[in-house]
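Below is one structure; the comments refer to it alone.
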Amino acid sequence: MPEHPMPDRFDYPSNLARAGSYRTHRSAFWPPAASYALGCLDLAAATPDLGDGFRRALGGLRGAVEAEWQRVKEIGIPARRRFNEPMAIAEAVRGVAKHLPGEADRRAAELRANAVQDGYDDDILRELAALEEEVTLVAGQVSTWYGKEVRGLPTAFGCRTDDTRQALVAEALADRDEAAAHLRGLHADLRLGTCRPSGPPNCSSWRARATSTPSTSPTSCPRTRG
């Protein structure tokens, strides 16, 4: 590791020359820098008030994911999109799920716990796509965007459906036929593909992050993504 951290993350020639020197670098943050300014967002007010048992279960999930995060940093990810110790996280997800009031929410969380334990299959994805969730709980080896972490990092988060933005999604989907006709008008061979079910949520409880850089942002959460 060089004595001085990377001065400019966009200085391509200098960073390329130093690339190999960071092989043994271990830190909670990337890229290396002399200092960091962290901004934190308190999501407690957005977390559903489902009792002390629910909050303890969330804490258990957080501990399980953070323990897996430490294992990944020490020994790596055993296989693409899998945990070193999947059972601990699967049971923690089930522990949170039993406190969710909605039947669809509990079923979706159970399906995702099964996927953490044994992997996703077409039946799980198909059933998830048909469920209408109010509170969504997700755990897995997640990447914030394609290519940033090829295999992802241990992550768990909860979110709630944003009814106002969901209405906008429904309104847009209602114009699907008009959009398809517009595409055909642009070029006879253009087609509108299948639109995956998705919903714009408000994040309620980030328990671990998919990269080593702390950040939070509401995002679209396609139900088929798990």
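Go over the candidates Ala88, Ala92 one by one and state the one that is farther than 13 Å from Ala57 by Cβ, touching a residue at least 12 places away in the same chain (Cβ under 8 Å) and out of contact with any strand residue (DSSP E or B) (no Cβ under 7 Å at 6 or more places or on another chain). On inspection, the qualifying residue turns out to be Ala88. Confirm whether Ile77 is in the same structural domain as Val142 (by TED's automatic domain parsing) and at pLDDT below 85. Criteria met by Ile77. Of the helices (runs of 4 or more DSSP H) that lie entirely inside region 121-226, those containing 2 or more residues that are modelled with pLDDT under 80 span 163-174.
The values are calculated or read from the model by the stated rules, or taken from the named source; none is laboratory data. Bear in mind that the values here come from a model prediction, so they are computed numbers and not experimental data. Heads up, the Cβs are rebuilt from the backbone with ideal geometry, glycines too, and the neighbour counts pull from every protein chain shown.
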